[in-house]
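The structure appears below as structure tokens.
Here, each number is a calculation from the coordinates, and none is a lab measurement. Since this is a predicted model, take the numbers as computed values, not measurements. Cβ coordinates were reconstructed from backbone atoms using ideal geometry, including for glycine residues, and neighbour counts include every protein chain displayed.
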Amino acid sequence: MKTEKLINKPLCIFFLAVAFVYGLALPFFWGNNPASELGTLSLLCEDRKFYFWLWGIFTSGGIALNTQYLFRKYNFKNTFLNVLCVLGFVSMAVVALTLGHSIDSWNPKRLAHWIATGAFIAFSLAPIVLFFIKERKNHKHFPALTACAFGILATFLIIFAVVGKSALMEMIPLALMEIFLFVVNFTKLVKE
């Protein structure tokens with residue numbers, strides 16, 4: 001089956017909607033405080049790995065599917081950016097595989113977890129930003145959309161600087177990214 005049929009509007013919206021709702025709800029499960037340093041999804045789900053995998057599949061899958069939908073919407077083909085989308089999904093799987101690491105020391109599993117988390121952020125955002133930069137001369141809104149994507153990354157850094165390590169730095173930027181992809185892909189605010 002061709003990817004045109006696999007990556008369709010209902011599937012992309014479904015993944016974004018589930019990722020958005022679940023991503024904002026999960027950090028509050030089991031009495032967790034998402035603003036706490038110990039309230040991250042990794043620590044919350046270290047003994048509940050299924051819930052983290054579910055979050056990772058919908059979050060990373062939703063971003064990757066909707067990035068591919070964006071490329072198709074604008075007739076854009078680029079193997080390198082497609083590989084980055086796949087690497088975003090793979091890095092999320094590595095994050096999930098390294099759950100349950102000791103937080104008392106920088107052991108290899110904890111180091112792999114942090115590297116994979118950084119890779120997930122980079123590989124999820126890079127294809128979108130690079131697409132907008134590459135196509136900026138063809139679409140007048142793309143420079144502003146590039147700035148929006150960098151703004152979403154900035155929210156992660158601001159939350160980390162102000163609040164510190166917490167689930168807030170996972171929840172808010174990802175929710176903003178999901179809203180951003182929905183607006184770009186499925187509303188008339190950004191014209192083709």
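Helix 142-162 axis versus longest C-alpha principal axis of the chain: approximately 10°, rounded to the nearest ten. Projected label points at L111 and A35, each 7 Å from Cα along the beta carbon direction, are separated by 3.5 nanometres.
Once the Cβ-Cβ distance of K5 and D104 is raised to the sixth power relative to R0 = 45 Å, the FRET efficiency obtained is 0.35. Annotation: peptides 33-39, 59-65, ranked by per-residue average of other Cβ atoms within 10 Å with the highest first, follow the order 59-65, 33-39. For segment 1-134, the relative contact order works out to 25 percent when only alpha carbon pairs closer than 8 Å and six or more residues apart are counted. For R136 and T79, the difference between the fully extended length at 0.36 nm per residue and the C-alpha to C-alpha distance is 18.7 nm.
A helix-only calculation puts the chain at -23500 deg cm²/dmol for mean residue ellipticity at 222 nm, using -39500 (n - 2.57) for each DSSP H run of at least four residues, averaged over all residues. With the convex hull drawn over the C-alpha atoms of segment 64-115, the volume per residue is 70 Å³.
Report, in degrees rounded to the nearest 10, the 0 to 90 angle that the Cα long axis of helix 108-134 makes with the longest principal axis of the chain. Value to nearest ten degrees: 20. Between 0 and 90 degrees, the angle of helix 168-186 with respect to the longest Cα principal axis of the chain falls at about 20 degrees. A Cβ-based charge dipole, computed about the Cα centre of segment 49-192 with Lys and Arg at +1 and Asp and Glu at -1, lands at about 440 debye. Fraction of C-alpha pairs exceeding 17 angstrom in segment 73-168: 61 percent, rounded to a whole number. Restricting the calculation to Cα atoms, the chain shows an Rg/Rh of 0.97 when the hydrodynamic-style radius is the Kirkwood one.
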